[in-house]
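Structure record follows, encoded as structure tokens.
The values are calculated or read from the model by the stated rules, or taken from the named source; none is laboratory data. These numbers were taken from a predicted model, which means no experiment stands behind them. Every residue, glycine among them, receives a Cβ derived from its backbone with ideal geometry; neighbour counts consider all protein chains shown.
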Amino acid sequence: MSPHRLATLFLALLPAATAAAQTTVSVPCDRDTTLYASSNTRSNGSGASVFVGVTSQGSPRRALVRFAIGSSIPAGAKILAASLQMNVVQAVAFLPVTANVHRATQGWGEGSSNSGGPAGGQGAPAQNGDATWTQRIVPGTQWTTPGGDFVATPSCTLSMPNGGLAIGNSTDGAVADVQFWLNNPAQNYGWLLKAANESQTSTAHRLDSRNGGAVPPTLVVTYMLPGQSGTWGTGCPVGAGTMATAFAGTPTGGASIQITHGNTVPSSLGANYFSLGLDTVGAPLGLPNCTVYLPLSQPLIPGDVFVTSASGTAASPFQVPSGFPGYLVTCQSAVLANNPLGFLLGNAALIVLQ
């Protein structure tokens, strides 16, 4: 297989664990509430629970959650991954229920309404500043569409068990939302959660809220700052370890830094490929534990070919582009190997330009 073909197939793995500078933080929820389809006048803004799903009587419940992005993540950060985590306290459904997570498009309130107990399935009379099914801020400020205004396409999904922690996988949509909120704080209206199938009854779930819940909603975010390098994912197995790729040097525009390769196939030919994006989940390549992390929906940019040493190491130069501060650059390397694919992949290496 030619190095060019090999590199084209490899392009999608993300940074490994060498010289990682990315930061992961737990962003607290600073507002949440429930919208009750059964009533235009009830809410639970200060209650200990929020509700998602449909009751046995066929009445939908939708939750709104917002997170304090700007107080937890520095301005100018590049968001790599974002995962919503919520705790299910009670459910009427035996099997897990999928909730769709949509970016809200209008502001809404969290008032002093409180059902007076941990259940709160019917809510309490809405108070000034609350949100209801028809009003985003009581009194008088209406939703454009009853039940909340939100982007129709879900940003991600949350599989809600009948008890315990519900963790949403990071997706391109969730990452894009958090990046948007960081860059446009005045438009941080949070997410609306609704059952993926609201025509199915008996799917309602009670989840901890930020107001007295044992495990409040949390947004786990991984980010990098301009001038930092990091890694993502894991390379294909080689011997007792995995193939590793990393950037070495500060990615200042115009500088020449290195891409290092370790624990790879000895005395072989390899190639680097680049993208301006990252697939945090990755696409399986057909060999056990081999994954492509570069987003195959975006252009792949071929880089240098390199030769590995007898000990399975190599280094290749990388000229940092000028005039693109804040851009994420992802590199993944492929090396010719004696296996069914004809090559192996490293992890993905990341830099944010400055």
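Quick look at the values:
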quantity: Count of residues meeting criterion [surrounded by fewer than 16 Cβ atoms within 10 Å (Cβ to Cβ) and either over 20 Å from residue 78 (Cα atoms) or more than 26 Å from the chain's Cα centre (by Cα) (or both)] in the stretch 253-288; calculated: 11
quantity: Tally of residues being part of a loop (DSSP other than H, G, I, E, B), under 30 Å from residue 184 (Cβ atoms) and out of contact with any Pro (no Cβ under 6 Å at 6 or more places or on another chain) across the stretch 18-72; calculated: 7
quantity: Verdict on residue 72 being more than 20 Å from the chain's Cα centre (by Cα), in contact (Cβ under 8 Å) with a residue 12 or more places away in the chain, in the same structural domain as residue 185 (by TED's automatic domain parsing) and farther than 18 Å from residue 156 by Cα; calculated: no
quantity: Elements of type strands (runs of 3 or more DSSP E) contained in the stretch 197-237, each with 1 or more residues being free of Cβ contacts under 8 Å to residues at least 60 places away in the same chain and surrounded by fewer than 17 Cβ atoms within 10 Å (Cβ to Cβ); calculated: none
quantity: Enumeration of residues in the stretch 336-350 that are surrounded by 24 or more Cβ atoms within 10 Å (Cβ to Cβ), under 16 Å from residue 286 (Cβ atoms) and of a type outside the set (Phe, Trp, Tyr); calculated: 344, 345
quantity: Answer from 314, 310, 337 - the residue that is at pLDDT 95 or above, small (Gly, Ala, Ser), in the same structural domain as residue 256 (by TED's automatic domain parsing) and in contact with a Pro (Cβ under 8 Å, 6 or more places away or on another chain); calculated: 310
quantity: Subset of the stretch 40-84 (residues that are surrounded by fewer than 20 Cβ atoms within 10 Å (Cβ to Cβ) and on the phi > 0 side of the Ramachandran plot); calculated: 58, 76
quantity: When residues of the stretch 90-113 are limited to those that are surrounded by fewer than 22 Cβ atoms within 10 Å (Cβ to Cβ) and either β-branched (Val, Ile, Thr) or not assigned by TED's automatic domain parsing to the domain that holds residue 43 (or both), the one farthest from residue 180 (Cα to Cα); calculated: 92
quantity: Filtered residue count, the stretch 141-167, keeping only those that are crowded, with 16+ Cβ neighbours inside 10 Å and without any contact (Cβ under 8 Å) to a residue 40 or more places away in the chain; calculated: 1
quantity: Condition met for residue 300 (aliphatic (A, V, I, L, M), under 23 Å from the mean Cα position of the chain (by Cα) and surrounded by fewer than 21 Cβ atoms within 10 Å (Cβ to Cβ)); calculated: yes
quantity: Condition met for residue 201 (within 18 Å of residue 82 (Cβ to Cβ) and either in contact with a Gly (Cβ under 7 Å, 6 or more places away or on another chain) or outside the structural domain of residue 70 (by TED's automatic domain parsing) (or both)); calculated: no
quantity: Test: residue 321 is over 21 Å from the mean Cα position of the chain (by Cα), of a type outside the set (S, T, N, Q) and under 16 Å from residue 352 (Cα atoms); calculated: yes
quantity: Boolean, residue 170 is surrounded by 17 or more Cβ atoms within 10 Å (Cβ to Cβ) and assigned to a loop (DSSP other than H, G, I, E, B); calculated: yes
quantity: Single residue of 186, 176 found to be in a helix (DSSP H, G or I), assigned by TED's automatic domain parsing to the domain that holds residue 32 and more than 20 Å from the chain's Cα centre (by Cα); calculated: 186
quantity: Residue within the stretch 315-322 that is in contact with a His (Cβ under 9 Å, 6 or more places away or on another chain) and either closer than 16 Å to residue 246 by Cβ or crowded, with 19+ Cβ neighbours inside 10 Å (or both) present; calculated: yes
quantity: Tally, over the stretch 243-262, of residues that are among the aliphatic types (A, V, I, L, M) and not in a strand (DSSP E or B); calculated: 2
quantity: Qualifying residue in the stretch 131-140 (condition: surrounded by fewer than 18 Cβ atoms within 10 Å (Cβ to Cβ), in contact with a Gly (Cβ under 6 Å, 6 or more places away or on another chain) and not hydroxyl-bearing (Ser, Thr, Tyr)); calculated: no
